[in-house]
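Contents: one structure, followed by commentary.
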Amino acid sequence: MAKIRKFAGFIVVLFALTTSFNQSYAQSYYVEEPRTFFGGLIAGGNFTQVDGDNYAGYHKVGMNVGGIVYTRFTQYLAASLEILYSEKGSRGHRSQLSNNRVFELRRYNINLNYAEVPIMLNYFDKHRANFGAGLSYSQLISSKESVETNNTTFNDTINFDRYPFKKYDLNFILGGSLKLVKGLHLNLRFQYSLLPVRKTIYPELGRAEQYNNVWTLRLVYLFGTEDK
C-alpha cells in the first residue's frame, strides 16, 4: 500500500506540474503545422501478476517510466517507439497450501525489473485520443524471488538460482490514450508474454511455464504536436 500511495502522489504531482507548464508555455511547444516526429515523457504504474505461480490477481505494483517518440504517417496514423524502465512480477496476497498440500505458503514474491522497448501502430481520432497495438522486447535487469512457508527447513534450503528467469521477455500490447488537457494524455495498456519467462520452478510453487500478465496506467505528456 505504501508503494501505491507513492505512485499516486507522484502521478498527481506530475499532472499538476505538466498542466501548469502547459498553460504557461504551450505556445512555445505547439505549432499549427503537423510534425512528422513528436515525442514526450511517460510516468505511471504496472499492475502485474505472473501466470503460473498459483496466485491470481494483479497484486504486484511497479513503476513504468520513460520516453516515447511518434512517427506520423498520415493525419490519423502514427508508429511509436518507447524506452522504458518497467517493474513486473507477482505478490502472494494470502496464505494458501502448496500444489500437493505439502506446506502452507505464507508469503511469496517475484520482482522482475526490465528495460523495455515497445513498438506500436496507433490510430488518432479527431479529438486526439488514440488506440494501438504492437510488440515489446524487454531485457531483464534484475530478478528476485522470495518465499516464506510454515516449513522452516524449506525456507532455509530452497535455492531460487536453480530456477532462473529468462533474460528477455517478448510481449504483445493493446492500449489506448484519452486526452486530458493540451499535451497530456491518460494511457491504459494491457500486455502479455508471448513466450514463457521461465520454464522450470520448484514444483510446489507453481507450474513449469510462467508468463508476465500486466495492466499499465500512465500519464503521457507529448511535446511538439499540433494538438489544440
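The values are calculated or read from the model by the stated rules, or taken from the named source; none is laboratory data. The model shown is predicted, which means the values in this text are computed figures rather than measured ones. Note: accessible area is taken over every heavy atom of the protein model, side chains too, but ligands, DNA and RNA are not part of it. Shrake-Rupley method; radii C 1.70, N 1.55, O 1.52, S 1.80 Å.
A few remarks follow.
- Table column - 3J(HN,Hα) (Hz), region 148-156, Karplus curve with 6.51, -1.76, 1.60, x for Gly and Pro: 10, 10, 7, 9, 5, 5, 5, 4, 7
- The listed residues 149, 157, 74, once ranked by accessible area (1.4 Å probe) with the largest placed first, stand as 157, 74, 149.
- Taking the centroid of alpha carbons for each part, region 57-126 and region 127-141 are 10 Å apart.
- Sequence of 120, 63 from largest to smallest accessible area, 1.4 Å probe: 63, 120
- In this structure the amide hydrogen of residue 59, modeled in the peptide plane, comes within under 5 Å of the amide hydrogens of 48, 91, none closer than 5 places in sequence on its chain.
- Calculated log₁₀ intensity ratio I(q)/I(0) where the Debye formula runs over C-alpha points of region 34-187, q = 0.16 Å⁻¹: -0.92
- The HN-Hα couplings worked out from phi for region 36-44 by the Karplus form 6.51 cos²θ - 1.76 cosθ + 1.60 (θ = phi - 60°) are 6, 10, 8, x, x, 10, 10, 8, x Hz, whole numbers, x standing for Gly and Pro.
- Built amide H within the under 5 Å cut-off of residue 197, gap 5+: 210, 211, 212
- Length added when fully stretched, residue 150-residue 65, from 0.36 nm per residue minus Cα-Cα: 26.9 nm
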